[in-house]
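Input: a single structure, listed below in structure tokens.
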Amino acid sequence: MTRLFVLSGLVLWVGATLLLSTTRWFARRPLTERLRPYTPGGLAPGKGGGLLSLESFRDVVGPVSRGVGEQVARLFGVSEDLGIRLTRIHSPLDVTAFRVRQLGWVVAAFGLGALASVALGLPVPVGILLTFGAPLLAFLLLEQQISAASKRWQRSLFLELPVVSEQIGLLLSAGYSLSGALARVAQRSNGVCARDISRVIGRVRQGLSETDALREWAALADVDGVDRLVHVLALNREASDLGRLISEEARAIRRDVHRELLEHIERRGQQVWIPVTVATLIPGVIFLAVPFTQALSLFSGS
């Protein structure tokens, strides 16, 4: 018990030190860092922290947490790269920041599980299961949240794609260039597709060609409709009736959405019959069992 209190106090001291190092009144910036913006060639303030600062802690723990997190995620069947999922949902976190946050949740869950095991006086097997199961559950919970957000983004993109494709086709038929049509759709919309198109426009401004930026979007989105639309948009410099081709592709995507909606409705209709079948099956079995047992007792008595 004494060792547990000592370990808890040490962890609390390290956590309080890291937390207080981010506050201005506790960890004042050195004079050189305060004078850096006013010196020639030092317009940007430095990002370095002290020995016991949050930045130095991330620099040390980041690579380790990233490597271990990837291995554990792959062990539990998560094959898609975390960086792709974070970029797909426009998350402000990068892979290292997410893994460090995930490590923090794992350590907190481990500490809470250990304290709960000792405080409640649980048996040793149950305490070990709680101590090591809680960190694993926290890790998988955060991983599942990112995967679910990625799937929701893909689903929303699939549903918005027919309307966006029709808008691009109309703008191209009206005389807009491909860049102008994409920019107008991105400005006048606020859905997930508009945000992805805004990223495509940003990539074009960074020096990529329109075709390469669109293909990068298709690879990142991992949606069949986006891949087919990008293949059509890649013919911008070769086809003269690109608006008509995009309109046909938009109708094909709309048929795919309609087909999936019908499949979902049929699936829900089949699920309705499950409780009805169970509700009628149990009384039927009971009514059949009564005369059957009566017949068995009659024959056995005779």
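The values are calculated or read from the model by the stated rules, or taken from the named source; none is laboratory data. Predicted model only: the values in this text are computed from it and were never measured. Cβ atoms come from the backbone with ideal geometry, glycine included; neighbour counts cover every protein chain shown.
Is there a residue being more than 30 Å from Ser91 (Cβ to Cβ), in contact (Cβ under 8 Å) with a residue 24 or more places away in the chain and part of a loop (DSSP other than H, G, I, E, B) anywhere in segment 184-205?
Within segment 184-205, not a single residue is more than 30 Å from Ser91 (Cβ to Cβ), in contact (Cβ under 8 Å) with a residue 24 or more places away in the chain and part of a loop (DSSP other than H, G, I, E, B).
Among Val230, Val223, which is within 28 Å of Val164 (Cα to Cα), free of Cβ contacts under 8 Å to residues at least 60 places away in the same chain and in contact with a Leu (Cβ under 8 Å, 6 or more places away or on another chain)?
From the options Val230, Val223, the qualifying one is Val230.
I need the full set of residues from segment 250-292 which are farther than 30 Å from Val163 by Cβ and either among the aliphatic types (A, V, I, L, M) or modelled with pLDDT of 80 or more (or both), in order please.
Result: Val272, Ile274, Val276, Val278, Ala279, Leu281, Ile282, Val285, Ile286, Leu288, Ala289, Val290.
May I ask you to verify whether Leu262 is assigned to a helix (DSSP H, G or I) and either of a type in the set (Lys, Arg) or closer than 30 Å to Arg85 by Cα (or both)?
yes
For Ala221, indicate whether it is under 15 Å from His90 (Cβ atoms), aliphatic (A, V, I, L, M) and buried (at least 16 other Cβ atoms within 10 Å of the Cβ).
yes
Sort through Gly104, Gly121 and tell me the only one that's under 16 Å from Val64 (Cα atoms) and out of contact with any helix residue (DSSP H, G or I) (no Cβ under 8 Å at 6 or more places or on another chain).
Testing whether each residue is under 16 Å from Val64 (Cα atoms) and out of contact with any helix residue (DSSP H, G or I) (no Cβ under 8 Å at 6 or more places or on another chain) leaves just Gly104.
Could we say that Arg215 is surrounded by 10 or more Cβ atoms within 10 Å (Cβ to Cβ) and either under 26 Å from Pro162 (Cβ atoms) or of a type in the set (Val, Ile, Thr) (or both) here? Before you say what the answer is, go through the steps one by one.
Details: surrounded by 10 or more Cβ atoms within 10 Å (Cβ to Cβ): yes; either under 26 Å from Pro162 (Cβ atoms) or of a type in the set (Val, Ile, Thr) (or both): yes.
It is true that Arg215 is surrounded by 10 or more Cβ atoms within 10 Å (Cβ to Cβ) and either under 26 Å from Pro162 (Cβ atoms) or of a type in the set (Val, Ile, Thr) (or both).
Filter segment 231-244 for residues that are modelled with pLDDT of 80 or more and of a type in the set (A, V, I, L, M); which is farthest from Ala218 (Cα to Cα)?
Leu235
Which condition from (1) of a type in the set (Val, Ile, Thr); (2) farther than 27 Å from Ser150 by Cβ; (3) crowded, with 17+ Cβ neighbours inside 10 Å is the one that Val95 breaks?
The number of the failed condition is (2).
Which number in (1) exposed (fewer than 10 other Cβ atoms within 10 Å of the Cβ); (2) among the polar types (S, T, N, Q); (3) in contact with a helix residue (DSSP H, G or I) (Cβ under 9 Å, 6 or more places away or on another chain) marks the one condition that Asn236 misses?
With (1) exposed (fewer than 10 other Cβ atoms within 10 Å of the Cβ); (2) among the polar types (S, T, N, Q); (3) in contact with a helix residue (DSSP H, G or I) (Cβ under 9 Å, 6 or more places away or on another chain) applied to Asn236, the lone miss is (1).
Mind listing whichever residues of segment 59-110 are part of a helix (DSSP H, G or I), under 12 Å from the mean Cα position of the chain (by Cα) and free of Cβ contacts under 8 Å to residues at least 24 places away in the same chain? Before you say what the answer is, go through the steps one by one.
Restricting attention to segment 59-110, the residues satisfying the condition of being part of a helix (DSSP H, G or I) are 59-75, 82-88, 95-110.
Narrowing further to those that are under 12 Å from the mean Cα position of the chain (by Cα): 82-88, 95, 98.
Passing the criteria: only Gly83.
Only one of these is within 17 Å of the chain's Cα centre (by Cα), touching a residue at least 24 places away in the same chain (Cβ under 8 Å) and either assigned to a helix (DSSP H, G or I) or buried (at least 18 other Cβ atoms within 10 Å of the Cβ) (or both): Leu115, Leu161, Leu142, Leu172. Name it.
Answer to the check: Leu142.
Under the condition of being of a type in the set (S, T, N, Q) and part of a loop (DSSP other than H, G, I, E, B), which residue from segment 206-225 is farthest from the chain's Cα centre (by Cα)?
Checking each candidate, the answer is Ser209.
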